[in-house]
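K.L.:
Would you mind keeping the following structure in view while I ask a few things?
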Amino acid sequence: MAPPAQSQRSPSPSQPSGKSEVSDLKLQLRQLAGSRAPGVDDSKRELFKKVISYMTIGIDVSSLFGEMVMCSATSDIVLKKMCYLYVGNYAKVNPDLALLTINFLQRDCRDEDPMIRGLALRSLCSLRVANLVEYLVGPLGSGLKDSNSYVRMVAVMGVLKLYHISASTCIDADFPSILKHLMLHDSDTQVVANCLSALQEIWSAEASTSEEASREREALISKPVIYYLLNRIKEFCEWAQCLVLELVTKYVPSDSSEIFDIMNLLEDRLQHANGAVVLATIRVFLQLTLSMTDVHQQVYERIKAPLLTLVSSGSPEQSYAVLSHLHLLVMRAPYVFSSDYKHFYCQYNEPSYVKRLKLEMLTAVANESNTYEIVTELCEYAANVDIPIARESIRAVGKIALQQYDVNAI
């Protein structure tokens with residue numbers, strides 16, 4: 001049997017059918033490169049959009065590199081962004097071309113507009129070409145001292161990129177100590193958070209070969225640094241708050257009064273709108289009081305309400321994640337949650353994996369005062385159309401009957 005004839009695909013209007021379109025683009029870009037005519041930036045935008053669209057569908061437009069760089073001599077930030085995107089894409093695969101971009105990127109790093117300075121510095125650090133690291137040190141040093149917080153924020157992450165390209169260059173330029181100073185003295189919290197993230201990564205990597213780096217890593221979890229970050233935690237974004245809270249879990253307080261001080265500082269984080277911040281705070285509470293068995297019940301009572309709120313608000317996936325945390329606490333101290341058993345009732349539209357976890361928790365919190373209500377609810381689930389859930393509910397009733405002395409109701 002002959003194979004079916006392949007249908008002739010017509011070329012997409014956004015896709016060049018041959019080299020002629022790329023050549024036409026090259027010619028048009030060259031004509032606009034030196035032009036000062038009114039509306040020239042709009043024309044450049046249209047051409048840049050075509051180049052970027054060709055690039056994203058996998059067509060090689062690297063031959064336009066020189067013309068794109070020449071056309072980037074403009075104050076139009078949209079053109080700059082498109083040009084940086086183009087340069088970043090082709091610099092990785094063609095280091096020789098990347099060398100052509102160094103001059104114009106370094107020039108843009110000294111631009112009057114802080115947005116252009118930041119974008120240029122980010123693009124310069126994103127070239128990730130080992131031969132060009134010597135050109136990064138100067139702009140990064142200037143960026144870390146820049147008056148604009150956006151440029152400083154980009155520069156901090158640029159130091160981390162430099163470290164991954166050439167660790168020795170980063171350490172020799174003394175960038176980690178500059179980051180440490182910024183972390184403890186910068187007015188912008190995002191800069192502080194970026195410094196903390198970068199330093200953790202750099203010193204963790206260096207600690208295996210350097211005693212000094214190991215000491216610096218330990219200094220990150222010292223009392224002055226921890227309290228400085230905790231006192232500013234309300235100013236941080238959600239990601240940064242989680243970063244700080246993760247650091248606090250590694251800190252070992254000197255006595256119980258210090259533990260209570262930290263918990264009081266973090267009390268309002270339990271009411272935060274972001275679930276990740278709430279869970280990170282709860283983790284700190286549990287970690288700090290791990291060996292204080294006399295306050296476990298008080299801590300459970302305190303974290304119970306935020307956890308139950310998270311279960312009822314959010315996606316099924318979030319509910320399952322929070323329920324998994326709650327499950328461990330319920331198994332450890334069922335009496336604390338026995339009055340909140342109604343939070344573990346199954347909703348008709350919940351996925352089976354959530355229902356299964358809730359059934360286990362209902363079984364665990366059952367006691368003399370709530371057995372009748374829980375068993376009545378479980379009997380409703382026994383008629384569920386989901387056969388595995390119906391079986392689990394009957395099994396749960398059996399487990400409760402074995403737990404309780406008075407099984408007449410069951």
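K.L.:
Of all residues in segment 159-214, which are of a type outside the set (S, T, N, Q), open to solvent by 60 Å² or more (accessible area, probe 1.4 Å) and modelled with pLDDT under 90?
P.N.:
Within segment 159-214, 211, 212 meet the criteria.
K.L.:
Across segment 382-399, which residue is farthest from residue 362 (Cα to Cα) among those that are open to solvent by less than 80 Å² (accessible area, probe 1.4 Å) and modelled with pLDDT of 85 or more?
P.N.:
388
K.L.:
Sticking with this structure for a sec: Out of the helices (runs of 4 or more DSSP H) lying entirely within segment 87-146, which hold 3 or more residues that are modelled with pLDDT of 90 or more?
P.N.:
Passing ranges, in order: 114-126, 134-144.
K.L.:
Would you mention how many residues in segment 239-257 are assigned to a helix (DSSP H, G or I) and either at pLDDT 90 or above or farther than 17 Å from residue 286 by Cβ (or both)?
P.N.:
The number of residues fulfilling the criteria is 12.
K.L.:
Any residue at all in segment 240-261 that's closer than 26 Å to residue 203 by Cβ, in contact with a helix residue (DSSP H, G or I) (Cβ under 8 Å, 6 or more places away or on another chain), among the hydrophobic types (A, V, I, L, M, F, W, C) and open to solvent by 40 Å² or more (accessible area, probe 1.4 Å)?
P.N.:
No; the residues of segment 240-261 include none that is closer than 26 Å to residue 203 by Cβ, in contact with a helix residue (DSSP H, G or I) (Cβ under 8 Å, 6 or more places away or on another chain), among the hydrophobic types (A, V, I, L, M, F, W, C) and open to solvent by 40 Å² or more (accessible area, probe 1.4 Å).
K.L.:
Restricted to segment 33-61, and to residues that are open to solvent by less than 40 Å² (accessible area, probe 1.4 Å) and touching a Leu at 6+ places or on another chain (Cβ under 7 Å), which residue is nearest to residue 127 (Cα to Cα)?
P.N.:
So the residue we want is 52.
The values are calculated or read from the model by the stated rules, or taken from the named source; none is laboratory data. Keep in mind it's a predicted model, so treat the numbers as computed, not measured. Virtual Cβ from ideal backbone geometry, glycine too; neighbours counted across all protein chains shown. The accessibility values were calculated without ligands, DNA or RNA, using every heavy atom of the protein model including side chains. Shrake-Rupley method; radii C 1.70, N 1.55, O 1.52, S 1.80 Å.
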